[in-house]
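The values are calculated or read from the model by the stated rules, or taken from the named source; none is laboratory data. Because the structure is a prediction, the values reported are computed rather than measured. Glycine also receives a Cβ, built like all others from the backbone with ideal geometry; neighbour counts cover every protein chain displayed. The accessibility values were calculated without ligands, DNA or RNA, using every heavy atom of the protein model including side chains. Shrake-Rupley method; radii C 1.70, N 1.55, O 1.52, S 1.80 Å.
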Amino acid sequence: MKQQTKVALEFIAARLSEPSTWQGIFFLIALTGSRFGAGLDWGQAAGLGGIASAALKIIFPDPAK
């Protein structure tokens with residue numbers, strides 16, 4: 001059980017270190033916040049979430065491979 005927990009935590013930590021993970025999380029926060037908090041319809045909320053996600057991508061670009 002300890003080995004499975006260790007492997008799972010290492011996987012989660014590796015995913016959280018990727019900028020694209022945070023871009024997706026930021027998109028979901030912006031989408032749900034603008035939909036349920038600001039009362040926008042789904043199209044407007046998705047547009048705002050996309051803009052927020054793109055802004056985060058510009059600020060923190062993926063490292064060159």
Pairing a residue in region 44-65 that is within 16 Å of Thr21 (Cβ to Cβ) and of a type in the set (S, T, N, Q) with any residue that is part of a helix (DSSP H, G or I) and open to solvent by 80 Å² or more (accessible area, probe 1.4 Å), where Cβ atoms lie under 8 Å and the two sit 6 or more apart in sequence or on different chains, gives Ser53/Phe26
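If you take the residues in region 18-43 that are among the polar types (S, T, N, Q) and touching a residue at least 24 places away in the same chain (Cβ under 8 Å), which one is surrounded by the fewest Cβ atoms within 10 Å (Cβ to Cβ)?
Ser20
Report, by residue number, each residue of region 11-40 that is basic (Lys, Arg) and in contact with a Ser or Thr (Cβ under 8 Å, 6 or more places away or on another chain).
Within region 11-40, Arg15 is the sole residue that qualifies.
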